[in-house]
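Student: Have a look at this one.
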Amino acid sequence: FPSHDTPYVWGVTKDFSSESARYRITKFPYLANATLSSSDSRLEIIGIFSKDDYIRVNYDSVNGYLGVTRQNGDYEVYRPQDTSPWTGQPRYKINMYNYDFNNKQTFQSSNLKYPYVFWHSGDYDMHDTRSIYCVNVVTGGQCFVNNYDISDGVFKDDNTIYEPEALSTIDDNNLLISFNKHGGTTEGTYVYKLPLTFRTDVTEMSSIVTGK
């Protein structure tokens, strides 16, 4: 979106001078090696949110859906045509706090692979569990929540601080996931491929009436 071949980058920009319009969903056409200023006419402001609504966005370019994470835990899914003009009326919506995730955990990032949304949690200070979640935004059903177990030394040293970071779709069967490793002898960002297995949808069972 739009219909021509120019890819668009979707993200969030900030207006630090405004409290009522602090966060803005923004898109712009990709142009190699270009630097855009805040006043560049190519920046299209889509939705506007206050300083209290710390939004994140991700765009599923394969299926054509925009995902918006809200401060209250809502994850909203829009079609591009819902954004110009901005309707504020999502096609689908879930709340992450309904899926064994709570406000004492630290949301890190999300990825929309329609109809599935994945998200990472786990704070830098290690007070909460390092976890990955998956929910079907159409049915509202939770597909899984898994806690990362690195007790066998994934980072090859003390594993003192490992912080879940980015999530992204590589292809139909794999996610890209990353962690920041702080301290120790192997400090840095670690990137992994996480394989996905999708079950075939269950077909409707026929009713069988047995005679007496």
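The values are calculated or read from the model by the stated rules, or taken from the named source; none is laboratory data. This is a predicted model, so every value here is computed, not measured. For neighbour counting, all protein chains shown are included, and Cβ atoms are generated from backbone atoms with ideal geometry for every residue, glycine included. Areas reflect the complete protein model, heavy atoms only, side chains present, ligands, DNA and RNA absent. Shrake-Rupley method; radii C 1.70, N 1.55, O 1.52, S 1.80 Å.
Student: If packing is taken as the average number of other Cβ atoms within 10 Å across a peptide's residues, how do 108-115, 37-44 rank, most packed first?
Tutor: So the peptides 108-115, 37-44, ranked by packing, come out 108-115, 37-44.
Student: Might you work out the accessible area of Tyr116 for me, using a 1.4 Å probe with all protein chains in place, and round it to the nearest 10 Å²?
Tutor: Approximately 50 Å² of Tyr116 is accessible to the 1.4 Å probe.
Student: Kindly report, to the nearest 10 Å², the accessible surface of Tyr162 as traced by a 1.4 Å probe over protein heavy atoms only.
Tutor: Roughly 30 Å² of Tyr162 is accessible to a 1.4 Å probe.
Student: Continuing with this model, one more query. Of Asn136, Gln105, His182, which is farthest on the positive side of the dipole of the chain, counting Cα position, with +1 on Lys and Arg Cβ, -1 on Asp and Glu Cβ, and the Cα centre as origin?
Tutor: The residue sitting farthest along the positive end of the dipole is Asn136.
Student: Could you give the dipole magnitude of segment 1-115 about its Cα centre, charging the beta-carbon of Lys and Arg +1 and that of Asp and Glu -1, in debye to the nearest 20?
Tutor: Dipole about the Cα centre, nearest 20: 120 debye.
Student: When only C-alpha pairs under 8 Å and at least 6 residues apart count, what is the relative contact order of the chain, in percent?
Tutor: 10
Student: If you average the C-alpha positions of segment 161-180 and of segment 26-51 separately, how far apart do those two centres end up, in angstrom?
Tutor: 25
Student: Gain in length, Val138 to Thr186, computed as 0.36 nm per residue apart minus the alpha-carbon separation, to one decimal in nm?
Tutor: Gain on stretching Val138 to Thr186: 13.2 nm.
Student: Strictly over 27 Å apart at the Cα level, which of Lys51/Lys181; Lys104/Lys181; Lys27/Lys51; Lys27/Lys181 would you flag in this model?
Tutor: From the list (Lys51/Lys181; Lys104/Lys181; Lys27/Lys51; Lys27/Lys181), the Cα-Cα distance tops 27 Å for Lys51/Lys181; Lys27/Lys181.
Student: For the chain, report the accessible area per residue in Å² (1.4 Å probe, heavy atoms, rounded to an integer).
Tutor: Each residue of the chain exposes 60 Å² on average to a 1.4 Å probe.
Student: Keeping the other protein chains in place, figure out the carbon and sulfur percent of the accessible area of segment 1-122, with a 1.4 Å probe.
Tutor: That fraction is 45 percent.
Student: Roll a 1.4 Å probe over the protein heavy atoms and report the accessible area of Trp119 in Å², nearest 10.
Tutor: Approximately 0 Å² for this residue.
Student: Among Leu31, Val62, Val191, whose Cα lies farthest out toward the positive end of the dipole of the chain, if unit charges sit on the beta carbon of Lys, Arg (+1) and Asp, Glu (-1)?
Tutor: Most positive-ward Cα: Val62.
Student: Next up: Take Ile48, Ile94 and sort them by solvent-accessible surface of the protein heavy atoms, 1.4 Å probe, largest at the top.
Tutor: My answer, sorted largest first, is Ile48, Ile94.
Student: For His182, His127, what's the largest-to-smallest order of accessible area, 1.4 Å probe?
Tutor: Final ranking, largest accessible area leading: His127, His182.
Student: Could you grab the relative contact order for segment 51-131? Cα pairs under 8 Å, six or more apart, rounded to a whole percent.
Tutor: Relative contact order comes out at 22 percent.
Student: Scale the Cα Rg of segment 1-145 by the rule-of-thumb value 2.2 N^0.38 Å and send over the ratio, two decimals.
Tutor: Scaled against compact globular proteins, the figure is 1.09.
Student: Then there is this: Only four residue types carry charge here, +1 at the Cβ of Lys and Arg and -1 at the Cβ of Asp and Glu. Report the dipole size of segment 24-86 about the Cα centre in Debye, rounded to the nearest 20.
Tutor: Dipole of segment 24-86, to the nearest 20 debye: 140 debye.
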